[in-house]
1. Give me the number: length gained by fully extending residue 100 to residue 113, i.e. 0.36 nm times residue separation minus the C-alpha to C-alpha distance, one decimal in nm.
2. Plugging the Kirkwood radius over Cα pairs into Stokes-Einstein for the chain, at a temperature of 37 °C and a viscosity of 0.692 mPa s, what D comes out in µm²/s?
3. Taking every DSSP beta bridge with both residues inside the chain, roughly what % is antiparallel (nearest 5)?
4. Can you send over the solvent-accessible area of residue 211, 1.4 Å probe, protein chains only, in Å² to the nearest 10?
5. For the pair residue 293/residue 390, report the inter-label distance in nm, with labels modelled 7 Å from Cα in the Cβ direction.
6. Mind checking which aspartates and glutamates have their Cα closer than 14 Å to the Cα of residue 244? Skip sequence neighbours fewer than 8 apart in that chain.
7. Restricting to DSSP H runs of at least four residues, report the calculated mean residue ellipticity at 222 nm for the chain, -39500 (n - 2.57) per run over all residues, nearest 500 deg cm²/dmol.
8. At 1.4 Å probe radius, can you tell me the per residue accessible area of the chain in Å²?
Amino acid sequence: MTAAVYLTRAAKFLPNNPVDNDNMEEVLGMIDGKPSRARRLTLRSNGIRNRYYSISRYTGELRYTNAQLTAEAVRALTDDDFLLEDIELLSCGTTSPDQLLPNHASMVHGELRNGTCETAASSGGCVSGVLAMKYGYMAVAAGLVRNAVVTGSEMLSAQLHARNFSPESDDKVAELEKHASLAFEKDFLRWMLSDGAGAALLSGSPNPDGLSMRIDWIEMRSYAHDYETCMFMGAAKQPDGSMKGWKEHGSLQEVIDNDVLALEQDVKLLNAMAVPVTVARGLSDILKTRPLDPDEVDWFLPHYSSAYFRPVVQQALRDIGFEIPEQRWFTNLERVGNVGAASMYLMIEELLNGGHCQVGDVVLCYVPESARFSTGFVKMTVVDAQGNTTRQ
């Protein structure tokens, strides 16, 4: 039988000052020197009011790498009772590492300079943050380490700058007017994504000075065997649905000329399959081995890229008999933006540190990934300093 594992601390780091909707192009620039028509249409449906960028509004230069963002979040976990040198395992997930090699966790470790520890890196889309947490959870539960620092982070603003985009076509904007969900094509992703990092400390004992979240289970499911690629970067999708990776292109110049390194989304596939697969199918599969009554859930932390998907997620929950009233939903998308692999961590940090939860509360996190369709759910229970879950 595995030992109990507790999330005892949570921290975040959001770079620079928040950027509101009216000032986004001051940071990301204007394509072809013209204000974006797609920006207003995209923001109308995504519900985001503020987001954060590593790019300086004044110089256009990057002030933080992904590794530096993550290291700052990890440092925010520490105090006199838990030092950087105390970290035994550092497990980091991200969609957007600063380089192909070394891996992201190694680069964060290099930034921290905290002494020898084990590192683990998980890559991919948003679920990479869940996988980073699961690796740390398993290591502590198995007694391999006494603690693990787990992180999720993104730094995509460098790729979202106007210098990397072609002018919008009239056809694309006209189509966007008709279908708000088309705000996920390559050019429109500029208005969807944000930078930031979240971190959590996992331990075999609860926080002696406050609340902790006992991790009851972490479950993930991949459906890549049934669906073609939906979101991609470093490859080009072919007419038959297969992927042509950047290594398969004739030259690096061809990679550049064809925008192979751009982040792209197959919008039609996203709209048709994302929520049915990651909620209806994914949660149904998980509930077969992890029975849970929706009435038990006090806090539902859903990661969705846009408010457009909120009612879609709710309907999918209804369809499988797992409806959670919206007053029990907790999200900060409007305030911090869509921060990919960091989003779950940022919600947990705000819920735990903001005084929202109390002993005995059950927390259910939902993190979908459209890249090749996978999903992650994390169930936790809030406990006191003795590990008790009994409400006062």
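1. Contour length minus the Cα-Cα distance gives 2.6 nm.
2. The estimated diffusion coefficient comes to 153 µm²/s.
3. Antiparallel bridges make up about 75 percent of those DSSP assigns within the chain.
4. Spelled out: residue 211, probe radius 1.4 Å, area about 60 Å².
5. Label at residue 293, label at residue 390, 2.1 nm between them.
6. Candidates past the 8-residue exclusion: 228, 254, 259, 264.
7. -7500 deg cm²/dmol, from helical runs alone.
8. With the other protein chains kept in place, the chain gives 43 Å² per residue.
The values are calculated or read from the model by the stated rules, or taken from the named source; none is laboratory data. As the structure is a prediction and not an experimental result, all values here were calculated from the model. When we count neighbours, we look across all protein chains shown, and the Cβ atoms used for this are built from the backbone with ideal geometry, even at glycine. Accessible surface is based on the protein model in full, side chains and every heavy atom, while ligands, DNA and RNA are left aside. Shrake-Rupley method; radii C 1.70, N 1.55, O 1.52, S 1.80 Å.
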